[in-house]
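Notes follow once the structure below has been shown.
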Amino acid sequence: MTGIHSPGGSIARRTVLKAGAAGGLGLAGLADLAACGNSSGGSSSKSLKMLYFGEQAAATQLQNRLQPQISKLDANIKFEITAINGTDWNDFLAKVLTQVAAGTPPDIISVATEGLQLMASKELAVPLDDYVTKDLAALKEYFADIHPALIESMMYQGHLWELPDSFNAGNMFYSTELFQRAGVVPPSEGWTLDDFESAATKIAKFKGINAFGWVVRLWGSWTSFMYANNANLLEEGKYDGGDWLWNKAYAGDAAAAGRKGGWKWGAPTANSEGTVEALNYMIELTKKGLSPSPDVGGGGTLQGLFASNRIGMSIGGGFWAGGLTNAGMKNGSFDVTMFPKWKSQRHLFGAGGYAIFKSSKKKDLAWEVLKLLVKPETFDLVFPGNVTTPGRKSLVTAERYAKTGPKHWSVFYETLTKHPDTAPIPAPPYYNALATALNQRTTQAISSGNAKAALDGLQADLEKAAGAS
Amino acid sequence: MSAVAADVPKAVAQRRSHPTAHGEARFGFAMIALSVLFVAVFTAIPIIASLGLSFFSWDVISTPQYVGLKNYQQLFNDGPVLKSFGVTLGMALAIVVLQLTVGLALAVLVNQRKLVWVRTLFRTAFYLPLLASTAAVSIFMGYLFDYKFGVVNYYLGLLGIPNVPWLTSGFGAAATIVLIAVWQQLGFTFVLFVASLMSVPTDVLEAAQIDGAGPLRTLFRVKIPLISPTILFAAVVALINAMQLFDQPYIMTKGGPGSATTTVTITMYQKGFQNLQFGYGSAIAIVLLAAILIITGLQFLAARKLVFYQ
């Protein structure tokens with residue numbers, strides 16, 4: 001261990017902590033934990049620990065459901081799932097990093113697109129390349145069933161960091177009852193932004209009803225309009241590499257053509273013409289009384305309002321099928337269609353999957369559990385009741401949606417197949433800073449009515465965040 | 001020197017060396033040890049540690065880098081962070097002024113009630129919000145003041161008043177949060193003032209009455225000067241609390257719209273826990289601590305002229 005170095009020099013993390021550079025006014029608590037933590041990390045020798053975004057009660061249920069299958073892999077291992085609650089993924093990731101700092105990182109983490117590049121860039125997880133290559137024969141049916149866009153979204157700098165099992169694309173849900181009352185014909189898949197606004201205008205005539213509701217966040221917010229306007233917050237690119245997987249697992253698959261080593265999010269373009277136009281459109285919707293001021297956060301309130309027929313349309317993914325049903329909506333009282341066409345009908349999506357933590361002492365066992373988690377029969381144990389869209393195409397069936405709806409459930413997967421330009425949300429390694437800035441600048445734009453000024457501010461925020469990362 | 005005087009140091013020395021005296025001392029130290037340990041572990045060491053951390057760049061995962069005063073230089077050139085100090089100060093001043101004036105007004109009114117049970121009822125009613133969890137209150141208030149479906153806008157709508165953007169306009173959000181914070185913290189100043197007003201000597205009040213002072217004159221010339229030490233204490237505590245405002249804006253507005261309700265503590269949380277700039281977050285915490293110390297010092301300076309000690 002070294003002492004304190006001259007400016008610019010480095011010092012071992014734990015030396016700093018042991019020296020007392022731990023905590024204070026909240027922040028200190030974290031570092032204190034790190035100082036006391038187990039530097040080797042990972043779970044104890046008798047358990048395999050997984051972190052999960054959600055409620056602990058659900059996590060415990062899942063843990064109990066999966067335990068018998070884990071016991072078949074290793075009879076002495078206790079599977080432990082710790083739930084982390086939060087408004088959105090940035091809350092989740094902040095708490096995950098707190099656990100890492102506390103010296104109690106998990107073996108496996110269930111994380112969505114939002115956290116993938118953050119985790120990979122900080123080398124918190126291990127690339128799965130070697131494991132996949134070793135077990136490629138056994139995984140052949142998995143890759144054949146998973147759209148390559150989902151796999152590519154889980155790659156970073158040419159390596160595969162997660163095995164995806166679910167995704168949600170930003171489609172448009174609508175209340176069939178409100179559409180009927182307003183005399184609006186249910187939208188077709190190829191509907192346009194004009195059709196959307198026309199429908200919204202008719203629905204808005206009802207007192208106490210909001211024609212279109214949305215929330216401030218990265219996934220499925222005004223960002224869906226931005227994608228349909230062929231714009232983005234960051235310059236789009238792709239990392240080289242990934243041929244090791246594409247050439248073997250997706251040989252001959254047309255949908256895999258042009259896939260590379262993961263999405264490379266470049267310089268901020270938050271105040272580009274298309275982005276400003278998209279946010280301006282949202283402001284205009286608000287001014288016209290077609291959309292209320294949005295809330296910041298995960299969308300639970302929005303879902304509740306939609307379920308009580310107080311919102312005509314909203315952006316949702318496959319998770320809304322289960323969510324609306326759980327909120328009391330009957331099958332048939334809501335439906336889904338593609339996001340309306342603007343300059344294009346490009347959708348955004350986010351995927352969910354599993355990664356192995358670098359500090360895990362049981363990586364081989366964790367890999368076996370990962371394979372188990374992405375098996376078709378495991379999906380409904382992990383996600384009972386259509387609370388997300390299966391990543392496996394074979395699981396997106398009429399039977400699955402027979403009880404919950406929506407009628408046009410096939411839209412969920414067809415977003416990937418019919419709109420090949422559909423892309424993941426822009427979640428760079430500095431996702432947390434991006435999400436914070438995006439939330440603040442969006443609310444600023446809506447309250448001030450000036451999208452350009454807000455997005456100039458966002459551009460500056462993102463340039464600073466990109467520079468600091 | 002008299003014999004008695006000469007015996008005093010001897011007696012003291014005997015008492016000090018007495019086994020019982022040692023036992024008492026040990027017991028005394030043991031009694032305060034837990035408190036000292038608590039303050040050291042949860043207050044003193046973390047503050048010192050935070051000061052240390054503020055000279056580093058650290059993202060939790062990588063090795064910390066010593067950066068000297070760079071975090072502080074960055075802070076004083078960071079517009080949004082400086083703005084959050086301004087927002088915090090503005091909201092804190094509004095909270096303190098309202099908390100003191102409304103708390104005092106209510107205390108005076110309640111104190112005038114002759115019936116004990118009426119006083120008890122009001123004391124309980126005003127104190128109750130203080131016992132509720134701030135997070136729970138903030139979530140609840142967020143629903144009440146929601147633009148779309150909030151109960152407040154619903155009833156205003158029945159009166160023909162259009163929806164008010166309580167939490168979705170800059171001024172509205174700041175004002176709503178201030179009012180909620182005042183409502184919740186009011187019980188603290190109120191109870192202090194009630195107790196203090198009850199301790200004002202009755203002979204002084206009777207003398208004022210005999211001299212022909214009316215209720216207002218008695219309040220401003222007799223009661224308020226006599227309870228001014230309590231007012232100072234309430235002002236200091238209220239300001240320290242208000243400068244650390246976090247729960248209400250974080251839960252209800254996430255610091256928005258824009259940065260209208262982004263307080264220093266929210267900025268600190270965002271920089272530290274969300275952006276993984278723990279050194280920078282610590283520097284913000286230290287500057288906030290310094291700001292609170294300076295403002296509290298100014299309050300005590302002002303108190304030299306304004307506070308009347310009997």
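The values are calculated or read from the model by the stated rules, or taken from the named source; none is laboratory data. Just so it is clear, the structure is predicted and the values come from calculations on it, not from any experiment. Positions of Cβ are backbone-derived with ideal geometry, glycine not excepted, and every protein chain shown enters the neighbour counts. With ligands, DNA and RNA removed, areas are computed over all heavy atoms of the protein, side chains included. Shrake-Rupley method; radii C 1.70, N 1.55, O 1.52, S 1.80 Å.
If you go through the range A:89-119 one residue at a time, how many are under 15 Å from A:Leu160 (Cα atoms), touching a strand residue (DSSP E or B) at 6+ places or on another chain (Cβ under 7 Å) and within 12 Å of chain B (Cβ to nearest Cβ)? Selection size over the range A:89-119: 1. Within the range B:232-269, the residues that satisfy the criterion of being among the β-branched types (Val, Ile, Thr) and surrounded by 22 or more Cβ atoms within 10 Å (Cβ to Cβ) are B:Thr253, B:Thr261, B:Thr262, B:Thr263, B:Val264, B:Thr265, B:Ile266, B:Thr267.
Residues of the range A:275-289 that are modelled with pLDDT of 95 or more and touching a helix residue (DSSP H, G or I) at 6+ places or on another chain (Cβ under 7 Å): A:Thr275, A:Val276, A:Ala278, A:Leu279, A:Asn280, A:Tyr281, A:Met282, A:Ile283. Only a single item in (1) of a type outside the set (Ser, Thr, Tyr); (2) closer than 30 Å to A:Gln303 by Cα; (3) outside any loop (DSSP other than H, G, I, E, B) is not met by A:Gly86, and it is number (3).
Looking only at residues of the range A:403-413 that are touching a residue at least 24 places away in the same chain (Cβ under 8 Å) and either of a type in the set (A, V, I, L, M) or out of contact with any helix residue (DSSP H, G or I) (no Cβ under 7 Å at 6 or more places or on another chain) (or both), we find that the one that is most open to solvent (accessible area, probe 1.4 Å) is A:Lys403. Being within 14 Å of another protein chain (Cβ to nearest Cβ), open to solvent by 90 Å² or more (accessible area, probe 1.4 Å) and of a type outside the set (D, E, K, R) is a condition met by no residue of the range B:92-99. The single condition among (1) within 20 Å of the chain's Cα centre (by Cα); (2) surrounded by 24 or more Cβ atoms within 10 Å (Cβ to Cβ); (3) under 21 Å from A:Lys464 (Cα atoms) that A:Ala231 does not satisfy is (2).
Criterion applied to A:Phe206, A:Phe196 was being open to solvent by less than 10 Å² (accessible area, probe 1.4 Å) and touching a residue at least 12 places away in the same chain (Cβ under 8 Å), and the one residue passing it is A:Phe196.
Screening the candidates A:Pro186, A:Pro148, A:Pro164 for the property of being open to solvent by 10 Å² or more (accessible area, probe 1.4 Å) and more than 14 Å from chain B (Cβ to nearest Cβ) yields one hit, A:Pro186.
The range B:210-310 holds helices (runs of 4 or more DSSP H) entirely within its bounds, and those carrying 1 or more residues that are facing chain A (nearest Cβ under 10 Å) and within 30 Å of A:Val296 (Cα to Cα) map to B:247-252, B:264-269, B:278-306.
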